[in-house]
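The values are calculated or read from the model by the stated rules, or taken from the named source; none is laboratory data. Computed from a prediction, not measured in an experiment: that's the story for all the values here. Glycine gets a Cβ as well: all are built from the backbone with ideal geometry, and neighbour counts include every protein chain shown. Just the protein is used for accessible areas: all its heavy atoms, side chains included, with ligands, DNA and RNA removed. Shrake-Rupley method; radii C 1.70, N 1.55, O 1.52, S 1.80 Å.
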Amino acid sequence: MTRRSLELASFGIGQVSPSPLVGCVTVADTGEIVGEGSYIYENLIHAEVLALNQAGAQAKGGTAYVSLEPHSYHGRTKPCTEALINAGIRRVVCPVEDPNPKVSGKGFEQLRASGIEVVTGILRDEAAKLNEKFCVWHQKNRPFVHLKLAMSLDGRISLKDSVSTTLSGKESAVKVQSLRHEHDAILIGGNTTLVDNPSLTDRSGKPRRRKLVRVVLDNRLRIPLESNLVITAKETPTLIVSDSRDETKIEKLIECGVDVARENARDLRAVLEALRKRDLQSVLVEGGAEIAGAFCDAELVDKLTFIVAPIVIGGHLAPLAIGGNGANSLENAMRLRDLEIIKHGGDYEFTGYPFPKDEG
Ligand SMILES: NC(=O)c1ccc[n+]([C@@H]2O[C@H](COP(=O)([O-])OP(=O)(O)OC[C@H]3O[C@@H](n4cnc5c(N)ncnc54)[C@H](OP(=O)(O)O)[C@@H]3O)[C@@H](O)[C@H]2O)c1
């Protein structure tokens with residue numbers, strides 16, 4: 001049942017940020033499922049309340065399986081702990097505490113104080129992973145950063161002279177769209193804008209609450225006014241981070257609908273703070289090499305995905321995936337935990353989580 005609560009929570013992907021994903025199953029004392037709910041931000045009804053409403057009187061004496069600790073404070077909605085207590089639920093099974101340090105544990109405390117049995121820890125890792133963006137948002141007070149690059153078997157992200165190159169196949173493209181769907185923002189560097197002239201939209205076809213915000217790090221404001229990002233900025237939000245004093249260009253960009261954050265784009269903490277201020281809980285960093293290297297050097301990568309195509313480019317002039325300074329010793333190299341390898345057509349996806357340097 002806990003697994004089902006996680007599945008119900010996942011139905012909210014793209015539709016809950018900056019809130020967490022939550023799912024709930026209510027089971028009557030007969031063992032029958034009598035209610036299910038998934039949280040969607042705009043609906044203003046929490047998963048627990050949806051599942052309890054469906055269950056009606058059958059919730060009394062039953063069990064609620066909730067994917068995340070029920071909240072015990074008055075926010076946009078009344079506390080879910082209150083709803084569970086008032087419905088006469090006897091037992092709550094929930095894998096993880098709320099990662100928000102201000103409220104963590106308080107929901108469980110309130111339920112226990114009302115005589116409800118609380119069981120925690122079942123599928124803890126899966127539940128925490130489902131809300132990894134929400135966790136980082138609260139625990140590190142910044143957006144979750146997921147670095148994703150497509151490359152050849154020899155680690156090149158394009159042909160020589162950094163020309164626009166599509167390395168991965170159509171099956172991987174589906175995965176990339178689903179990654180974009182999970183995130184609030186997508187970020188690239190100034191050179192990638194010039195070389196690829198990308199659109200950076202979420203074409204997954206799945207519903208999302210807010211449009212994906214396109215972010216370009218561009219101190220020299222080299223982005224052309226006729227680029228795809230600028231000409232579509234009125235329909236699809238576009239943020240340029242730059243410390244340029246070229247007021248004429250800035251004014252023209254703003255006229256085109258671009259949001260300009262006047263920060264030094266080389267200061268990645270300031271960049272992430274500009275995103276946090278705009279309530280963007282997560283960002284998919286899609287390159288190029290210099291930007292990828294800068295995030296790795298700054299130890300600001302929470303999750304990493306490499307999509308490797310079965311080709312070898314070779315030569316000295318084709319850029320390698322990760323620029324920047326790199327590691328000065330093997331101990332300092334980025335090591336990944338929980339590495340997953342998934343095949344998409346002829347390509348291989350490698351996804352993992354960097355160990356913090358002192359834990360590697
Ligand atoms: N295969 C893939 O997954 C993939 C993905 C993306 C791009 N690409 C390819 O990668 C190539 C472009 O990569 P690239 O490495 O040349 O350029 P890039 O990383 O896209 O952009 C680098 C530029 O971004 C600006 N910048 C702003 N903030 C920065 C920061 N904090 N750290 C570093 N740079 C910052 C700098 O320009 P200012 O001096 O103006 O600040 C710098 O010159 C293209 O060929 C593109 O097709 C491949």
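Taking segment 269-301 only, how many residues are among the charged types (D, E, K, R) and buried (at least 20 other Cβ atoms within 10 Å of the Cβ)?
1
I'd like to check which strands (runs of 3 or more DSSP E) are fully inside segment 82-175 and have at least 3 residues that are within 16 Å of the ligand (Cβ to nearest atom).
Qualifying strands (runs of 3 or more DSSP E): 144-152.
Test of understanding: among Leu284, Leu268, which residue is farther than 17 Å from Leu212 by Cβ and of a type in the set (A, V, I, L, M, F, W, C)?
Leu268
Would you confirm, using the coordinates I've provided, whether Ala233 is modelled with pLDDT of 95 or more and either closer than 30 Å to Gly12 by Cβ or away from the ligand (no atom under 14 Å from the Cβ) (or both)?
Judged against the criteria, Ala233 is a match.
Restricting the search to segment 236-250, which residues are within 15 Å of Ala270 (Cβ to Cβ) and within 12 Å of the ligand (Cβ to nearest atom)?
Ile240, Val241, Ser242, Asp243, Ser244
Scan segment 5-32 for residues that are outside any loop (DSSP other than H, G, I, E, B) and either without any contact (Cβ under 8 Å) to a residue 24 or more places away in the chain or buried (at least 16 other Cβ atoms within 10 Å of the Cβ) (or both) and jot them down.
Those that are outside any loop (DSSP other than H, G, I, E, B) and either without any contact (Cβ under 8 Å) to a residue 24 or more places away in the chain or buried (at least 16 other Cβ atoms within 10 Å of the Cβ) (or both): Ser5, Leu6, Glu7, Leu8, Ala9, Gly23, Cys24, Val25, Thr26, Val27.
Do we find a residue being in contact (Cβ under 8 Å) with a residue 40 or more places away in the chain, crowded, with 22+ Cβ neighbours inside 10 Å, assigned by TED's automatic domain parsing to the domain that holds Cys24 and closer than 24 Å to Ser17 by Cα anywhere in segment 101-117? Break it down into steps so the answer makes sense when it comes.
Looking only at segment 101-117, we keep the residues that are in contact (Cβ under 8 Å) with a residue 40 or more places away in the chain, and these are 111.
Next, from what is left, pick out any that are crowded, with 22+ Cβ neighbours inside 10 Å: 111.
Within this subset, residues satisfying the condition of being assigned by TED's automatic domain parsing to the domain that holds Cys24 are 111.
Filter once more, keeping what is closer than 24 Å to Ser17 by Cα: none.
Checking segment 101-117: not a single residue is in contact (Cβ under 8 Å) with a residue 40 or more places away in the chain, crowded, with 22+ Cβ neighbours inside 10 Å, assigned by TED's automatic domain parsing to the domain that holds Cys24 and closer than 24 Å to Ser17 by Cα.
Any residue in segment 261-281 that is on the phi > 0 side of the Ramachandran plot sitting within a Cβ distance under 7 Å of a residue that is more than 10 Å from the ligand (Cβ to nearest atom)? List the pairs, counting only those 6 or more apart or interchain.
From segment 261-281, the pairs are Asp279/Pro18.
Give just the number: which of (1) touching a helix residue (DSSP H, G or I) at 6+ places or on another chain (Cβ under 9 Å); (2) aromatic (Phe, Trp, Tyr); (3) open to solvent by 20 Å² or more (accessible area, probe 1.4 Å) does Tyr39 not satisfy?
The failed condition is (3).
Restricting the search to segment 269-298, which residues are assigned to a loop (DSSP other than H, G, I, E, B) and either near the ligand (Cβ under 8 Å from one of its atoms) or small (Gly, Ala, Ser) (or both)? Before you say what the answer is, go through the steps one by one.
Residues of segment 269-298 that are assigned to a loop (DSSP other than H, G, I, E, B), as a first pass: 278-281, 286-288, 298.
Listed by number, the residues that qualify are Glu286, Gly287, Gly288, Ala298.
Working carefully through the options Ala318, Ala327, find the one that is under 29 Å from Leu268 (Cα atoms), in contact with a Lys or Arg (Cβ under 6 Å, 6 or more places away or on another chain) and part of a loop (DSSP other than H, G, I, E, B).
Just one listed residue meets the conditions, Ala318.
Tell me which of these Pro319 doesn't satisfy, since it passes every other one: (1) modelled with pLDDT of 95 or more; (2) open to solvent by less than 60 Å² (accessible area, probe 1.4 Å); (3) closer than 21 Å to Gly169 by Cα.
(1)
Across segment 205-221, which residue is least open to solvent (accessible area, probe 1.4 Å) among those that are more than 10 Å from the ligand (Cβ to nearest atom) and touching a residue at least 60 places away in the same chain (Cβ under 8 Å)?
So, considering only residues that are more than 10 Å from the ligand (Cβ to nearest atom) and touching a residue at least 60 places away in the same chain (Cβ under 8 Å), the one least open to solvent (accessible area, probe 1.4 Å) is Val215.
Among the residues of segment 324-345, is there at least one that is buried (at least 20 other Cβ atoms within 10 Å of the Cβ) and either away from the ligand (no atom under 11 Å from the Cβ) or in contact (Cβ under 8 Å) with a residue 24 or more places away in the chain (or both)? Don't jump to the end; show me each part of the working.
Filtering segment 324-345 down to residues buried (at least 20 other Cβ atoms within 10 Å of the Cβ) leaves none.
Within segment 324-345 (the criterion being buried (at least 20 other Cβ atoms within 10 Å of the Cβ) and either away from the ligand (no atom under 11 Å from the Cβ) or in contact (Cβ under 8 Å) with a residue 24 or more places away in the chain (or both)), the answer is no, since none of the residues qualifies.
Could you list all residues from segment 222-245 that are among the hydrophobic types (A, V, I, L, M, F, W, C) and open to solvent by 60 Å² or more (accessible area, probe 1.4 Å)?
Ile231
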